[in-house]
Every structure is written in structure tokens, then in C-alpha cells.
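Engineer: The structure that follows is given in the form of C-alpha cells.
The values are calculated or read from the model by the stated rules, or taken from the named source; none is laboratory data. Predicted model only: the values in this text are computed from it and were never measured. Reconstructed Cβ throughout: ideal geometry from the backbone, glycine too, with neighbour counts over all protein chains shown.
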């Protein structure tokens, strides 16, 4: 009798395995209208892709935590919670799509000689380690002297780093959307 129950539960588990994933909603790398984007529009969309990557990374962490809790609970309740585990790779797929779009936008900005772009967030790589690659920043062309250009680049880098930190705080729920928008406007005004 116990063998029949065990075999039945294993069969149901295998059958329901395909139903425990969510469909990824990815961002297309190339989009209609890319050729008409201004430098500001490129920078804004790059910021959106950074936000999308951070959101997907948070979703991945939440999924891992939920699956771990359901796995442990399943040990004590005949495996029933295991049916509710999400074993799909949706957050990773969404994160990679947002990064690919970010990379394309960054190249578009470089091709159009746009000013420095928003920094790419440091997200864990496939091994779970933080990537230490420094973001690629497009060169800023200016008719000013080298000293003034250097000062502007430093000021922009600091402002962009602050914007990235604000974005992380927003994603973690430490600040509201209104606080984020207000501080972002102040930083962009001072750039």
C-alpha cells in the first residue's frame, strides 16, 4: 500500500513538474524606433534596464528562498509543498534579456557620441559571486580644456553612482517612488 502511494506521488510530481514555472517576459534587444532615440532617451531606457535587472535579481532571490522553504516543508508533509515549487529559470532569462538590451543601448550611445551612460549594476554571476567588472562608460567629447572635461566626468560619475544607489534603495523598499523621483531630479539638475 505504501509503495503504491509513493509511486503515485512520484508520478504526479513528474507530471506537474512542467506546470511549476512562469513564462518569462523578456525585453527585445532591438526594438522599432531605436534609430530615432535621442541620447536622453537612450540614457532613460538604460536606467529602465538597470531597474529591470535589479528586479529580476530580486525575483530570483525570492524564488530561491520560497523553494527552499517549500522543500523543507515537503520533507515533513509527504511532499505536498513540492508541487508548489517554482523550478523555472524565468528571473535569470529576464535578467539576461535586460542586460542584452542595456548593452545594445550602451553601444548605440557610444555610436552617437552620447555622454556617459548609467552604470551597469553589479549583479551576481552564474556562480553566485558579485561581478567586479567595471562599467564601460562612453567617452565624453567636449571642446573644453582637459581639466574641465575631467572635472565634469568625475562629477557625472559621482552623480551616476548616487543614482544607482538610489535605485537599489528604491528596489529594496527603503525609499518611496516620490522620494526617488525627487532626489533623482535634484541629482540630474546638478549634473
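Yes or no, residue by residue, for (1) in contact with a helix residue (DSSP H, G or I) (Cβ under 7 Å, 6 or more places away or on another chain); (2) at pLDDT below 80; (3) in a loop (DSSP other than H, G, I, E, B):
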site: 5; (1), (2), (3): no, yes, no
site: 11; (1), (2), (3): no, yes, no
site: 14; (1), (2), (3): no, yes, no
site: 29; (1), (2), (3): yes, no, yes
site: 47; (1), (2), (3): no, no, no
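Engineer: Let me ask another. Check residue 99 against each of (1) out of contact with any strand residue (DSSP E or B) (no Cβ under 7 Å at 6 or more places or on another chain); (2) at pLDDT below 90 and name the one condition it does not meet.
Structural biologist: (2)
Engineer: Can residue 62 be described as modelled with pLDDT of 80 or more, surrounded by fewer than 17 Cβ atoms within 10 Å (Cβ to Cβ), within 18 Å of the chain's Cα centre (by Cα) and over 30 Å from residue 157 (Cα atoms)?
Structural biologist: On the way: modelled with pLDDT of 80 or more: yes; surrounded by fewer than 17 Cβ atoms within 10 Å (Cβ to Cβ): yes; within 18 Å of the chain's Cα centre (by Cα): yes; over 30 Å from residue 157 (Cα atoms): yes.
Against the criterion (modelled with pLDDT of 80 or more, surrounded by fewer than 17 Cβ atoms within 10 Å (Cβ to Cβ), within 18 Å of the chain's Cα centre (by Cα) and over 30 Å from residue 157 (Cα atoms)), residue 62 qualifies.
Engineer: Looking only at the stretch 66-103, which residues are buried (at least 20 other Cβ atoms within 10 Å of the Cβ) and under 26 Å from residue 50 (Cα atoms)?
Structural biologist: Listed by number, the residues that qualify are 91, 94, 95, 97, 98, 99, 101, 102.
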